[in-house]
Amino acid sequence: MPPQATTPARAHTAPALNLVPVDEAATLLGRSPRTVRRLAAAGTIPAHRIGARTWAIDRASLDTYRHGETAA
């Protein structure tokens, strides 16, 4: 019987996100952390929820938002 080809479990790996915490995003935007959390919750700034109350924002999306372009 010929040997079977094996395929790695993860043939394609997604690029790692460069996430920043709400406090750092707030500083970069010149806004309060509360405002940044509201923008994240509304979907205005693409963000990732980590736990029940913690948000992390992708730096590339944040930079896009800062420069007035559509971040989504």
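The values are calculated or read from the model by the stated rules, or taken from the named source; none is laboratory data. Please read these numbers as outputs of a predicted model, since none were measured by experiment. Because the Cβ atoms are built from the backbone with ideal geometry, glycine has one as well, and the counts that use them run over all protein chains shown.
Could you list all residues from the stretch 37-65 that are in a loop (DSSP other than H, G, I, E, B) and either at negative phi or in contact with a Leu (Cβ under 7 Å, 6 or more places away or on another chain) (or both)? Correct list: T44, I45, P46, A52, R53. Residues in the stretch 18-36 that are assigned to a helix (DSSP H, G or I) and modelled with pLDDT under 90: there are none.
Within the stretch 49-68, the set of residues being crowded, with 18+ Cβ neighbours inside 10 Å and among the charged types (D, E, K, R) comprises just one member, D58.
Within the stretch 32-72, which residues are charged (D, E, K, R) and touching a residue at least 12 places away in the same chain (Cβ under 8 Å)? Scanning the stretch 32-72 gives R37, D58, R59, R66.
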